[in-house]
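Engineer: Quick one: the structure is below, and I'll ask about it shortly.
The values are calculated or read from the model by the stated rules, or taken from the named source; none is laboratory data. Note that this is a predicted model, so its numbers are computed, not measured. We place every Cβ from the backbone using ideal geometry, glycine too, and count neighbours over all the protein chains shown. Areas reflect the complete protein model, heavy atoms only, side chains present, ligands, DNA and RNA absent. Shrake-Rupley method; radii C 1.70, N 1.55, O 1.52, S 1.80 Å.
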Amino acid sequence: MSRMDAHVVDFYRRIYADLKIDSAEAQELKDFLTDLNPPPDKIIWMRSTAFRIATAFVSKDGGDEGQASNVALLRTVNYIVHAIETNCLQPKDPSLNAQPVDTDVYTEFYKSLYEDLSIDREESEALYNFFKKTNPPDLATLTKARFLAIKVGCDYVTGEASSDVNLFRCINSVVHAFEMSCLQPKPFVLKKSDDVDMGSMDISEAVQHLWKLDVNRLDPTRDYTINVQGGKKPYWKGDQADDPFFSYVDPAAFRRPTYKTFIALLDNYEPQTGATEKVTRAEQHEMDAFLTAVMQTKPMQFCHKYCKHKKPSEIPSSLQDFKKLLYKIWFELYRRESYNDSSGFEHVFVGEIKNDKISGFHNWIHFYLEEKAGRLDYKGYIKPRNKNEVLADEYDQLLTMQFTWHGIEKSVGSSFIGVSPEFELAVYTMCFLVGEEKNQIHLAMGGVENDTFDLNIVCYRMARDKVGTSFPEITDHYED
(Lines give C-alpha, C1' and ligand atoms only; values in the text may rest on other atoms or scores of the structure.)
Protein backbone atom coordinates (compact mmCIF):
# COMPACT_ATOMS: atom_id res chain seq x y z
CA MET A 1 0.00 0.00 0.00
CA SER A 2 1.41 3.40 -0.99
CA ARG A 3 1.98 6.13 1.57
CA MET A 4 -0.99 8.07 0.19
CA ASP A 5 -3.25 5.00 0.30
CA ALA A 6 -2.31 4.24 3.90
CA HIS A 7 -2.83 7.88 4.87
CA VAL A 8 -6.34 7.88 3.37
CA VAL A 9 -7.34 4.58 5.01
CA ASP A 10 -6.10 5.73 8.43
CA PHE A 11 -7.96 9.03 8.10
CA TYR A 12 -11.23 7.31 7.17
CA ARG A 13 -10.95 4.94 10.12
CA ARG A 14 -10.47 7.83 12.49
CA ILE A 15 -13.49 9.67 11.05
CA TYR A 16 -15.71 6.60 11.34
CA ALA A 17 -14.69 5.85 14.92
CA ASP A 18 -17.40 8.06 16.47
CA LEU A 19 -19.97 7.84 13.63
CA LYS A 20 -20.37 11.59 13.26
CA ILE A 21 -18.69 14.61 11.70
CA ASP A 22 -18.88 17.86 13.63
CA SER A 23 -17.90 21.28 12.25
CA ALA A 24 -14.27 20.83 13.31
CA GLU A 25 -14.04 17.44 11.59
CA ALA A 26 -15.76 18.83 8.49
CA GLN A 27 -13.05 21.47 8.22
CA GLU A 28 -10.41 18.84 8.93
CA LEU A 29 -11.82 16.72 6.09
CA LYS A 30 -11.63 19.66 3.70
CA ASP A 31 -8.07 20.48 4.80
CA PHE A 32 -7.11 16.81 4.48
CA LEU A 33 -8.23 16.67 0.84
CA THR A 34 -6.59 20.00 0.05
CA ASP A 35 -3.30 18.88 1.54
CA LEU A 36 -3.53 15.42 -0.04
CA ASN A 37 -4.14 16.88 -3.52
CA PRO A 38 -5.00 13.48 -5.03
CA PRO A 39 -4.33 13.06 -8.76
CA PRO A 40 -7.31 12.15 -10.98
CA ASP A 41 -6.36 8.46 -10.99
CA LYS A 42 -6.93 8.29 -7.21
CA ILE A 43 -10.32 9.98 -6.86
CA ILE A 44 -12.53 7.01 -7.71
CA TRP A 45 -10.41 4.83 -5.43
CA MET A 46 -10.82 7.32 -2.60
CA ARG A 47 -14.61 7.29 -2.85
CA SER A 48 -14.91 3.51 -3.18
CA THR A 49 -12.47 3.12 -0.28
CA ALA A 50 -14.67 5.38 1.85
CA PHE A 51 -17.49 2.85 1.38
CA ARG A 52 -15.21 -0.17 1.76
CA ILE A 53 -13.70 1.01 5.04
CA ALA A 54 -17.17 1.95 6.28
CA THR A 55 -18.36 -1.66 5.93
CA ALA A 56 -15.81 -2.63 8.59
CA PHE A 57 -17.62 -0.29 10.99
CA VAL A 58 -21.12 -1.65 10.30
CA SER A 59 -22.75 -2.52 13.62
CA LYS A 60 -23.34 -6.18 14.40
CA ASP A 61 -25.65 -5.37 17.35
CA GLY A 62 -28.88 -5.66 15.36
CA GLY A 63 -32.19 -4.14 16.44
CA ASP A 64 -32.89 -0.44 16.81
CA GLU A 65 -29.41 0.33 18.17
CA GLY A 66 -27.68 -1.38 15.24
CA GLN A 67 -29.99 0.34 12.79
CA ALA A 68 -29.38 3.79 14.27
CA SER A 69 -25.63 3.18 14.32
CA ASN A 70 -25.51 2.13 10.67
CA VAL A 71 -27.67 5.05 9.53
CA ALA A 72 -25.23 7.39 11.31
CA LEU A 73 -22.36 5.59 9.59
CA LEU A 74 -23.97 6.00 6.17
CA ARG A 75 -24.50 9.71 6.80
CA THR A 76 -20.82 9.99 7.71
CA VAL A 77 -19.93 8.33 4.41
CA ASN A 78 -22.11 10.94 2.70
CA TYR A 79 -20.04 13.72 4.27
CA ILE A 80 -16.84 12.18 2.95
CA VAL A 81 -18.26 11.59 -0.54
CA HIS A 82 -19.59 15.14 -0.66
CA ALA A 83 -16.19 16.51 0.36
CA ILE A 84 -14.43 14.45 -2.33
CA GLU A 85 -16.86 15.59 -5.02
CA THR A 86 -16.68 19.23 -3.92
CA ASN A 87 -12.90 19.43 -3.62
CA CYS A 88 -11.71 17.06 -6.34
CA LEU A 89 -14.42 16.86 -9.01
CA GLN A 90 -16.34 19.25 -11.22
CA PRO A 91 -19.46 18.88 -13.39
CA LYS A 92 -19.17 17.60 -16.92
CA ASP A 93 -20.84 19.66 -19.62
CA PRO A 94 -24.54 19.10 -18.96
CA SER A 95 -26.61 17.00 -21.33
CA LEU A 96 -28.86 18.89 -23.74
CA ASN A 97 -31.88 17.36 -22.00
CA ALA A 98 -30.60 17.98 -18.46
CA GLN A 99 -33.37 18.93 -16.05
CA PRO A 100 -33.87 19.65 -12.35
CA VAL A 101 -33.84 16.50 -10.24
CA ASP A 102 -37.37 15.20 -9.75
CA THR A 103 -37.32 13.93 -6.16
CA ASP A 104 -40.12 11.42 -6.71
CA VAL A 105 -38.61 9.97 -9.90
CA TYR A 106 -35.14 9.63 -8.39
CA THR A 107 -36.50 8.19 -5.14
CA GLU A 108 -38.53 5.50 -6.88
CA PHE A 109 -35.60 4.60 -9.12
CA TYR A 110 -33.21 4.23 -6.18
CA LYS A 111 -35.78 2.14 -4.27
CA SER A 112 -36.02 -0.27 -7.20
CA LEU A 113 -32.25 -0.77 -7.02
CA TYR A 114 -32.00 -1.25 -3.26
CA GLU A 115 -34.87 -3.70 -2.82
CA ASP A 116 -32.81 -6.86 -3.42
CA LEU A 117 -29.51 -5.39 -2.08
CA SER A 118 -27.62 -6.16 -5.27
CA ILE A 119 -27.03 -4.49 -8.63
CA ASP A 120 -26.65 -6.81 -11.60
CA ARG A 121 -25.30 -5.93 -15.04
CA GLU A 122 -28.71 -4.99 -16.42
CA GLU A 123 -29.35 -2.65 -13.49
CA SER A 124 -25.87 -1.17 -13.87
CA GLU A 125 -26.62 -0.34 -17.51
CA ALA A 126 -29.94 1.14 -16.42
CA LEU A 127 -28.07 3.37 -13.94
CA TYR A 128 -25.85 4.90 -16.60
CA ASN A 129 -28.81 5.30 -18.94
CA PHE A 130 -30.75 7.04 -16.15
CA PHE A 131 -28.01 9.58 -15.39
CA LYS A 132 -26.90 10.16 -18.98
CA LYS A 133 -30.07 9.94 -21.06
CA THR A 134 -33.45 9.65 -19.41
CA ASN A 135 -32.95 11.81 -16.28
CA PRO A 136 -29.65 13.73 -16.46
CA PRO A 137 -29.52 16.26 -13.60
CA ASP A 138 -28.91 19.93 -14.32
CA LEU A 139 -26.06 21.81 -12.68
CA ALA A 140 -28.24 23.42 -10.03
CA THR A 141 -29.47 20.07 -8.65
CA LEU A 142 -26.45 17.90 -9.37
CA THR A 143 -25.56 17.37 -5.71
CA LYS A 144 -29.17 16.48 -4.93
CA ALA A 145 -28.95 13.46 -7.25
CA ARG A 146 -26.20 11.91 -5.15
CA PHE A 147 -27.66 13.09 -1.84
CA LEU A 148 -30.94 11.30 -2.61
CA ALA A 149 -29.07 8.07 -3.38
CA ILE A 150 -27.75 8.00 0.18
CA LYS A 151 -30.91 9.46 1.79
CA VAL A 152 -33.05 6.73 0.21
CA GLY A 153 -30.42 4.19 1.21
CA CYS A 154 -30.84 5.17 4.85
CA ASP A 155 -34.44 3.93 4.69
CA TYR A 156 -33.17 0.45 3.79
CA VAL A 157 -30.74 0.15 6.72
CA THR A 158 -31.94 -2.67 8.98
CA GLY A 159 -29.21 -3.02 11.60
CA GLU A 160 -28.48 -6.55 10.40
CA ALA A 161 -24.78 -6.56 9.52
CA SER A 162 -24.64 -8.64 6.34
CA SER A 163 -27.69 -6.92 4.88
CA ASP A 164 -26.33 -3.45 5.59
CA VAL A 165 -22.90 -4.30 4.15
CA ASN A 166 -24.61 -5.32 0.89
CA LEU A 167 -26.64 -2.11 0.98
CA PHE A 168 -23.48 0.00 1.33
CA ARG A 169 -22.04 -1.78 -1.70
CA CYS A 170 -25.19 -1.07 -3.71
CA ILE A 171 -25.09 2.62 -2.79
CA ASN A 172 -21.42 2.77 -3.78
CA SER A 173 -22.36 1.39 -7.21
CA VAL A 174 -25.04 4.05 -7.61
CA VAL A 175 -22.69 6.85 -6.57
CA HIS A 176 -20.01 5.46 -8.91
CA ALA A 177 -22.40 5.55 -11.86
CA PHE A 178 -23.47 9.09 -10.93
CA GLU A 179 -19.89 10.36 -10.71
CA MET A 180 -18.79 8.65 -13.93
CA SER A 181 -21.82 10.05 -15.77
CA CYS A 182 -22.01 13.58 -14.38
CA LEU A 183 -18.63 14.56 -12.91
CA GLN A 184 -14.99 14.72 -13.93
CA PRO A 185 -11.72 15.43 -12.11
CA LYS A 186 -10.65 19.02 -11.70
CA PRO A 187 -7.45 19.89 -13.60
CA PHE A 188 -4.52 18.63 -11.56
CA VAL A 189 -1.76 21.00 -10.48
CA LEU A 190 1.30 19.86 -8.54
CA LYS A 191 1.30 21.40 -5.07
CA LYS A 192 4.24 23.29 -3.67
CA SER A 193 4.53 20.72 -0.89
CA ASP A 194 5.04 18.05 -3.57
CA ASP A 195 7.71 20.24 -5.10
CA VAL A 196 11.24 20.58 -3.78
CA ASP A 197 14.18 22.91 -3.97
CA MET A 198 15.67 22.12 -7.38
CA GLY A 199 18.64 24.41 -7.00
CA SER A 200 21.17 21.68 -6.26
CA MET A 201 19.04 18.61 -7.01
CA ASP A 202 20.86 16.17 -9.27
CA ILE A 203 19.23 13.59 -11.53
CA SER A 204 19.53 10.83 -8.93
CA GLU A 205 17.71 12.89 -6.31
CA ALA A 206 15.08 13.82 -8.90
CA VAL A 207 14.41 10.14 -9.68
CA GLN A 208 14.14 9.40 -5.96
CA HIS A 209 11.58 12.20 -5.66
CA LEU A 210 9.64 10.73 -8.59
CA TRP A 211 9.50 7.44 -6.69
CA LYS A 212 7.94 9.29 -3.75
CA LEU A 213 5.40 10.97 -6.04
CA ASP A 214 4.33 7.76 -7.79
CA VAL A 215 1.10 7.22 -5.86
CA ASN A 216 -0.24 5.16 -8.78
CA ARG A 217 2.40 2.44 -8.35
CA LEU A 218 1.14 -1.08 -7.60
CA ASP A 219 1.97 -2.86 -4.37
CA PRO A 220 3.94 -6.16 -4.61
CA THR A 221 2.02 -9.22 -3.35
CA ARG A 222 -1.18 -7.16 -2.92
CA ASP A 223 -1.86 -5.73 -6.40
CA TYR A 224 0.28 -8.28 -8.22
CA THR A 225 2.38 -11.37 -7.54
CA ILE A 226 5.54 -12.40 -9.38
CA ASN A 227 7.35 -15.73 -9.35
CA VAL A 228 11.04 -15.10 -10.07
CA GLN A 229 12.03 -18.81 -9.84
CA GLY A 230 15.58 -19.69 -10.90
CA GLY A 231 18.45 -17.35 -11.66
CA LYS A 232 20.90 -17.73 -14.53
CA LYS A 233 23.80 -16.11 -16.33
CA PRO A 234 22.97 -14.50 -19.68
CA TYR A 235 24.93 -17.13 -21.61
CA TRP A 236 23.40 -20.14 -19.85
CA LYS A 237 21.22 -22.26 -22.10
CA GLY A 238 17.94 -23.68 -20.93
CA ASP A 239 14.92 -22.50 -19.01
CA GLN A 240 15.21 -21.78 -15.28
CA ALA A 241 11.52 -20.95 -14.92
CA ASP A 242 8.83 -23.55 -15.53
CA ASP A 243 6.03 -21.17 -14.56
CA PRO A 244 5.06 -17.70 -15.77
CA PHE A 245 6.75 -14.68 -14.25
CA PHE A 246 3.42 -13.08 -13.28
CA SER A 247 1.17 -15.19 -11.08
CA TYR A 248 -1.46 -12.48 -10.63
CA VAL A 249 -2.20 -8.85 -11.52
CA ASP A 250 -5.29 -7.09 -10.22
CA PRO A 251 -7.32 -6.30 -13.37
CA ALA A 252 -8.77 -3.21 -11.67
CA ALA A 253 -5.33 -1.57 -11.95
CA PHE A 254 -5.62 -1.53 -15.72
CA ARG A 255 -8.81 0.51 -15.53
CA ARG A 256 -6.92 3.48 -14.08
CA PRO A 257 -6.67 6.28 -16.69
CA THR A 258 -2.91 6.24 -17.28
CA TYR A 259 -2.78 2.43 -17.37
CA LYS A 260 -5.83 2.18 -19.63
CA THR A 261 -4.58 4.76 -22.14
CA PHE A 262 -1.09 3.25 -22.08
CA ILE A 263 -2.40 -0.25 -22.87
CA ALA A 264 -4.44 1.13 -25.77
CA LEU A 265 -1.16 2.08 -27.50
CA LEU A 266 0.51 -1.32 -27.33
CA ASP A 267 -1.19 -2.87 -30.37
CA ASN A 268 -0.42 0.07 -32.67
CA TYR A 269 3.01 -1.17 -33.80
CA GLU A 270 4.62 -3.78 -36.01
CA PRO A 271 7.28 -5.62 -33.97
CA GLN A 272 9.55 -6.17 -36.98
CA THR A 273 11.83 -3.25 -37.85
CA GLY A 274 11.93 -2.39 -41.52
CA ALA A 275 8.14 -2.22 -41.74
CA THR A 276 6.93 1.37 -42.12
CA GLU A 277 4.55 2.31 -39.33
CA LYS A 278 1.25 3.86 -40.41
CA VAL A 279 -0.51 6.00 -37.82
CA THR A 280 -4.29 6.09 -38.12
CA ARG A 281 -6.54 8.84 -36.82
CA ALA A 282 -7.71 6.53 -34.03
CA GLU A 283 -4.09 5.81 -33.02
CA GLN A 284 -3.34 9.53 -33.04
CA HIS A 285 -6.25 10.02 -30.67
CA GLU A 286 -4.89 7.25 -28.40
CA MET A 287 -1.48 8.96 -28.22
CA ASP A 288 -3.11 12.25 -27.27
CA ALA A 289 -5.31 10.55 -24.66
CA PHE A 290 -2.26 8.93 -23.05
CA LEU A 291 -0.25 12.15 -22.93
CA THR A 292 -3.26 14.04 -21.56
CA ALA A 293 -3.70 11.43 -18.83
CA VAL A 294 -0.04 11.35 -17.74
CA MET A 295 0.20 15.14 -17.66
CA GLN A 296 -2.50 15.05 -14.95
CA THR A 297 -0.14 13.20 -12.58
CA LYS A 298 2.46 14.21 -10.02
CA PRO A 299 5.45 12.46 -11.65
CA MET A 300 4.98 14.10 -15.05
CA GLN A 301 4.26 17.56 -13.67
CA PHE A 302 7.38 17.31 -11.54
CA CYS A 303 9.30 16.08 -14.59
CA HIS A 304 8.23 19.23 -16.44
CA LYS A 305 9.25 21.52 -13.59
CA TYR A 306 12.59 19.81 -13.10
CA CYS A 307 13.48 19.89 -16.80
CA LYS A 308 12.38 23.53 -17.06
CA HIS A 309 14.55 24.44 -14.07
CA LYS A 310 17.61 22.69 -15.52
CA LYS A 311 17.23 24.00 -19.07
CA PRO A 312 14.97 27.08 -18.89
CA SER A 313 15.69 28.23 -22.44
CA GLU A 314 14.96 24.83 -24.03
CA ILE A 315 11.95 23.48 -22.14
CA PRO A 316 8.49 25.03 -22.75
CA SER A 317 6.84 26.81 -19.83
CA SER A 318 3.28 25.59 -20.35
CA LEU A 319 2.10 22.05 -19.75
CA GLN A 320 0.40 22.06 -23.15
CA ASP A 321 3.64 22.92 -24.97
CA PHE A 322 5.54 20.38 -22.89
CA LYS A 323 3.00 17.78 -23.96
CA LYS A 324 3.83 18.63 -27.59
CA LEU A 325 7.51 18.12 -26.81
CA LEU A 326 6.71 14.72 -25.29
CA TYR A 327 4.89 13.75 -28.46
CA LYS A 328 7.88 14.75 -30.56
CA ILE A 329 10.54 12.85 -28.60
CA TRP A 330 8.44 9.74 -27.93
CA PHE A 331 5.94 9.30 -30.75
CA GLU A 332 7.28 10.93 -33.90
CA LEU A 333 8.47 8.23 -36.27
CA TYR A 334 12.03 7.89 -37.53
CA ARG A 335 14.25 5.47 -39.42
CA ARG A 336 15.82 2.59 -37.49
CA GLU A 337 16.15 0.20 -40.42
CA SER A 338 13.91 1.77 -43.04
CA TYR A 339 11.70 4.85 -43.47
CA ASN A 340 9.55 5.64 -40.40
CA ASP A 341 9.73 2.12 -38.99
CA SER A 342 10.31 3.07 -35.35
CA SER A 343 9.71 5.50 -32.50
CA GLY A 344 11.00 5.95 -28.99
CA PHE A 345 7.77 4.74 -27.44
CA GLU A 346 7.63 1.64 -29.61
CA HIS A 347 11.22 0.68 -28.90
CA VAL A 348 11.26 1.26 -25.13
CA PHE A 349 7.78 0.20 -24.08
CA VAL A 350 6.62 -2.20 -26.80
CA GLY A 351 9.82 -3.73 -28.13
CA GLU A 352 11.11 -4.48 -31.61
CA ILE A 353 12.61 -7.38 -33.52
CA LYS A 354 15.65 -6.61 -35.63
CA ASN A 355 17.91 -9.17 -37.28
CA ASP A 356 16.30 -11.96 -35.24
CA LYS A 357 17.06 -10.17 -31.99
CA ILE A 358 14.77 -8.38 -29.57
CA SER A 359 15.65 -4.77 -28.86
CA GLY A 360 13.96 -2.49 -26.37
CA PHE A 361 10.96 -4.02 -24.54
CA HIS A 362 11.52 -2.61 -21.06
CA ASN A 363 7.97 -2.38 -19.74
CA TRP A 364 6.36 -4.70 -17.21
CA ILE A 365 2.76 -4.10 -18.34
CA HIS A 366 3.48 -5.19 -21.91
CA PHE A 367 5.51 -8.11 -20.52
CA TYR A 368 2.52 -9.25 -18.47
CA LEU A 369 0.02 -8.92 -21.31
CA GLU A 370 2.26 -10.75 -23.81
CA GLU A 371 2.99 -13.52 -21.30
CA LYS A 372 -0.72 -13.89 -20.58
CA ALA A 373 -1.42 -14.11 -24.33
CA GLY A 374 1.18 -16.88 -24.72
CA ARG A 375 3.56 -14.87 -26.92
CA LEU A 376 6.24 -14.47 -24.25
CA ASP A 377 8.11 -17.09 -22.22
CA TYR A 378 10.02 -16.06 -19.10
CA LYS A 379 13.31 -17.99 -18.74
CA GLY A 380 14.56 -16.74 -15.35
CA TYR A 381 16.16 -13.69 -13.77
CA ILE A 382 19.77 -12.75 -14.42
CA LYS A 383 21.99 -13.48 -11.45
CA PRO A 384 23.97 -10.54 -10.09
CA ARG A 385 27.66 -10.28 -10.96
CA ASN A 386 28.55 -9.38 -7.40
CA LYS A 387 28.16 -12.30 -4.97
CA ASN A 388 27.33 -9.84 -2.20
CA GLU A 389 24.24 -8.59 -4.01
CA VAL A 390 20.78 -9.60 -2.83
CA LEU A 391 19.07 -12.29 -4.89
CA ALA A 392 15.80 -11.50 -6.63
CA ASP A 393 12.48 -12.24 -4.92
CA GLU A 394 8.76 -11.45 -5.15
CA TYR A 395 9.15 -8.00 -3.57
CA ASP A 396 11.64 -6.60 -6.09
CA GLN A 397 10.40 -3.77 -8.30
CA LEU A 398 13.44 -3.74 -10.56
CA LEU A 399 14.71 -6.90 -12.27
CA THR A 400 16.97 -8.09 -15.04
CA MET A 401 15.44 -11.04 -16.87
CA GLN A 402 15.78 -13.38 -19.83
CA PHE A 403 12.79 -14.26 -22.00
CA THR A 404 11.65 -15.16 -25.48
CA TRP A 405 9.11 -13.13 -27.42
CA HIS A 406 7.58 -14.48 -30.61
CA GLY A 407 10.08 -17.32 -30.22
CA ILE A 408 13.10 -14.99 -30.23
CA GLU A 409 15.33 -14.67 -27.17
CA LYS A 410 16.23 -11.51 -25.31
CA SER A 411 19.20 -12.70 -23.28
CA VAL A 412 19.27 -9.66 -20.97
CA GLY A 413 16.39 -7.29 -20.40
CA SER A 414 15.76 -5.03 -17.43
CA SER A 415 12.56 -3.38 -16.30
CA PHE A 416 10.87 -1.69 -13.39
CA ILE A 417 8.01 -3.84 -12.04
CA GLY A 418 4.67 -2.52 -10.81
CA VAL A 419 5.45 1.16 -11.40
CA SER A 420 2.97 3.43 -13.13
CA PRO A 421 3.32 4.43 -16.80
CA GLU A 422 3.80 8.05 -15.72
CA PHE A 423 6.73 7.15 -13.47
CA GLU A 424 8.65 5.41 -16.24
CA LEU A 425 7.86 8.11 -18.78
CA ALA A 426 8.98 10.80 -16.32
CA VAL A 427 12.26 9.04 -15.47
CA TYR A 428 13.25 8.41 -19.07
CA THR A 429 12.10 11.86 -20.21
CA MET A 430 14.17 13.63 -17.55
CA CYS A 431 17.25 11.62 -18.45
CA PHE A 432 16.72 12.33 -22.15
CA LEU A 433 16.07 16.07 -21.84
CA VAL A 434 18.47 17.11 -19.07
CA GLY A 435 20.61 14.05 -18.32
CA GLU A 436 23.45 12.12 -19.91
CA GLU A 437 23.69 8.89 -21.89
CA LYS A 438 24.36 7.07 -18.62
CA ASN A 439 22.77 8.51 -15.51
CA GLN A 440 23.91 7.10 -12.18
CA ILE A 441 20.94 6.67 -9.85
CA HIS A 442 20.73 5.63 -6.20
CA LEU A 443 17.14 4.55 -5.63
CA ALA A 444 15.78 3.56 -2.22
CA MET A 445 12.52 1.77 -2.98
CA GLY A 446 11.60 0.93 0.60
CA GLY A 447 8.92 -1.72 0.87
CA VAL A 448 8.91 -4.88 3.00
CA GLU A 449 12.62 -5.52 2.53
CA ASN A 450 13.74 -1.90 2.14
CA ASP A 451 15.28 -2.63 -1.25
CA THR A 452 17.87 -0.19 -2.54
CA PHE A 453 19.37 -0.17 -6.03
CA ASP A 454 22.32 1.49 -7.65
CA LEU A 455 21.62 1.68 -11.34
CA ASN A 456 22.25 3.50 -14.55
CA ILE A 457 19.40 4.93 -16.57
CA VAL A 458 20.78 4.47 -20.05
CA CYS A 459 19.41 6.88 -22.66
CA TYR A 460 20.45 7.14 -26.32
CA ARG A 461 19.16 9.42 -29.07
CA MET A 462 17.96 8.68 -32.57
CA ALA A 463 17.27 11.09 -35.41
CA ARG A 464 19.07 13.84 -33.43
CA ASP A 465 16.22 14.85 -31.12
CA LYS A 466 14.18 11.72 -30.39
CA VAL A 467 14.44 8.88 -27.88
CA GLY A 468 16.32 5.95 -29.37
CA THR A 469 16.27 3.81 -26.25
CA SER A 470 16.12 4.17 -22.49
CA PHE A 471 16.24 1.52 -19.80
CA PRO A 472 17.47 0.77 -16.26
CA GLU A 473 20.76 -1.09 -15.83
CA ILE A 474 21.28 -2.52 -12.32
CA THR A 475 24.81 -2.11 -10.91
CA ASP A 476 24.10 -3.09 -7.28
CA HIS A 477 21.18 -4.28 -5.14
CA TYR A 478 21.07 -4.44 -1.38
CA GLU A 479 18.70 -4.27 1.55
CA ASP A 480 19.32 -1.66 4.23
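Engineer: Going from the alpha-carbon gyration tensor of region 145-189, what semi-axes, largest first and in whole Å, does one get by taking the root of 5 times each eigenvalue?
Structural biologist: Taking √(5λ) for each Cα gyration eigenvalue gives 26, 11, 8 Å.
Engineer: Then there is this: Gap in Å between the Cα centre of region 166-190 and the Cα centre of region 327-344?
Structural biologist: 39
Engineer: Using a probe of 1.4 angstrom, how much of the accessible area of region 113-234 is carbon and sulfur, in percent?
Structural biologist: 51
Engineer: Of all the C-alpha pairs in the chain, what % are more than 32 Å from each other?
Structural biologist: 48
Engineer: Going toward the positive end of the dipole of region 84-153, with +1 on Lys and Arg Cβ and -1 on Asp and Glu Cβ, which of Leu127, Leu142, Leu117 do you reach last?
Structural biologist: Looking along the dipole axis, the top candidate is Leu142.
Engineer: Separate question: Want the number for Asn340 to Asp22: 0.36 nm per residue separation, take away the alpha-carbon distance, what's left?
Structural biologist: 108.3 nm
Engineer: Name the chymotrypsin sites (Phe, Trp or Tyr not before Pro) in region 338-421 that are in a loop by DSSP and that have at most 15 other C-beta atoms within 10 Å, would you?
Structural biologist: Answer by residue number: Tyr339.
Engineer: OK, next. Just to confirm a number: summing +1 for Lys and Arg and -1 for Asp and Glu over residues other than Met180 whose beta-carbon lies under 13 angstrom from that of Met180, what do you get?
Structural biologist: That works out to +2.
Engineer: Which of rounded, prolate or oblate describes region 266-415 when judged by the alpha-carbon gyration tensor and an a/c cut-off of 1.5?
Structural biologist: oblate
Engineer: Cα atoms only: what Rg and Dmax, in Å, come out for region 150-299?
Structural biologist: 22.5, 68
Engineer: Follow-up question, since we're still on this one. When only DSSP loop residues count, what GluC sites (Glu not before Pro) in region 255-349 have their Cβ near at most 13 other Cβ atoms within 10 Å?
Structural biologist: Glu314, Glu337
Engineer: Could you report region 30-102's accessible area per residue, 1.4 Å probe, as an integer in Å²?
Structural biologist: 47
Engineer: At 0.36 nm per residue, minus the direct Cα-Cα distance, what do His406 and Lys237 gain on full extension? Give it in nm, one decimal, please.
Structural biologist: Additional length available on full extension: 59.1 nm.
Engineer: Quick one: accessible area per residue over region 385-454, 1.4 Å probe, rounded to a whole number of Å²?
Structural biologist: That works out to 37 Å² for each residue.
Engineer: Let me ask something additional. Could you state the accessible area per residue of region 160-274 in Å², with a 1.4 Å probe and every protein chain left in place?
Structural biologist: Value returned for region 160-274: 45 Å² of accessible area per residue.
Engineer: If you don't mind, another one. Counting only residues 5 or more places away or on other chains, whose amide H sits under 5 Å from the amide H of Ser342 once H atoms are built in the peptide plane?
Structural biologist: HN-HN under 5 Å from Ser342: Glu277, Tyr334, Arg336.
Engineer: Right, here's the next one. Report the FRET efficiency, 1/(1 + (r/R0)^6), for Asp476 and Ser200, where r is their Cβ-Cβ distance and R0 is 25 Å, rounded to 0.05.
Structural biologist: 0.55
Engineer: What number results when the radius of gyration of region 29-79, computed over Cα atoms, is divided by 2.2 N^0.38 Å?
Structural biologist: After normalising by residue count via 2.2 N^0.38 Å, the value is 1.40.
Engineer: Identify the chymotrypsin sites (Phe, Trp or Tyr not before Pro) of region 221-254 meeting these criteria: DSSP loop state and at most 13 other C-beta atoms within 10 Å of the C-beta.
Structural biologist: Those that pass, being in a loop and sparsely packed, are Tyr235.
Engineer: Kindly provide log₁₀ I(q)/I(0) values, in the same order as q = 0.12, 0.19 Å⁻¹, from the Debye equation applied to equal alpha-carbon scatterers of region 325-480.
Structural biologist: Those come out to -0.52, -1.27, one per q.
Engineer: Here's something else I'd like to know. Under a point spin-label approximation (7 Å from Cα along Cα-to-Cβ), what is the Ser95-Lys191 distance to one decimal in nm?
Structural biologist: 3.5
Engineer: Could you work out what % of the accessible surface of region 241-326 is carbon and sulfur, using a 1.4 angstrom probe and leaving DNA, RNA and ligands out of the count?
Structural biologist: 52
Engineer: Using the Cβ atoms and a cut-off under 12 Å, what net charge is assigned to the surroundings of Thr475, where Lys and Arg are +1 and Asp and Glu are -1?
Structural biologist: -2
Engineer: Would you work out which of Leu213, Val189, Val175 lies farthest towards the positive end of the dipole of region 125-218? Charges go on Cβ: Lys and Arg +1, Asp and Glu -1.
Structural biologist: After comparing all options, I get Val175.
Engineer: So, R0 is 22 Å and r is the distance between the beta-carbons of Tyr460 and Asp250; what FRET efficiency does that work out to, to 0.05?
Structural biologist: 0.05
Engineer: Would you work out the Kirkwood radius for region 441-480? I mean one over the mean of 1/r across all pairs of different Cα atoms, in Å.
Structural biologist: Taking every pair of different Cα atoms in region 441-480, averaging 1/r and inverting gives 11.5 Å.
Engineer: Nearest 10 degrees, 0 to 90: what angle lies between the long axis of helix 203-213 and the longest principal axis of the chain (Cα atoms)?
Structural biologist: Once rounded, the angle reads 30 degrees.
Engineer: Same structure again: Angle, helix 319-331 long axis vs. longest principal axis of the chain, Cα atoms, 0 to 90°, nearest 10?
Structural biologist: With both axes taken from Cα atoms, the answer is about 40 degrees.
Engineer: Would you compute the Debye intensity of region 406-480 from its alpha-carbon atoms alone, equal scatterers and no solvent, and pass along log10 I(q)/I(0) at q = 0.11, 0.14, 0.22, 0.26 Å⁻¹ to two decimals?
Structural biologist: For the requested q values the scattering log ratios are -0.33, -0.52, -1.08, -1.27.
Engineer: Tell me what the chain gives for mean residue ellipticity at 222 nm when only DSSP H runs of n ≥ 4 count, each as -39,500 (n - 2.57), the sum divided by the residue total, rounded to 500 deg cm²/dmol.
Structural biologist: Mean residue ellipticity at 222 nm (helix-derived): -14000 deg cm²/dmol.
Engineer: Taking N as the number of residues in region 21-109, what value does Rg over Cα atoms divided by 2.2 N^0.38 Å take?
Structural biologist: 1.33
Engineer: Which net charge results when you count Lys and Arg as +1 and Asp and Glu as -1 among the other residues whose beta-carbon is under 13 Å from that of Ala282?
Structural biologist: Within the 13 Å Cβ shell, the charges total -2.
Engineer: Quick one: pull the percent of accessible area on region 377-480 belonging to carbon and sulfur, 1.4 Å probe, ligands and nucleic acids left out.
Structural biologist: 44
Engineer: To continue, here is another question. Just how large is the dipole of region 36-139 about the Cα centre, in debye to the nearest 20, putting +1 at every Lys and Arg Cβ and -1 at every Asp and Glu Cβ?
Structural biologist: It comes to approximately 500 debye.
Engineer: Could I ask something else about it? Could you tell me how many degrees, from 0 to 90 and to the nearest 10, lie between the Cα long axis of helix 40-55 and the main elongation axis, the longest principal axis, of the Cα atoms of the chain?
Structural biologist: 50
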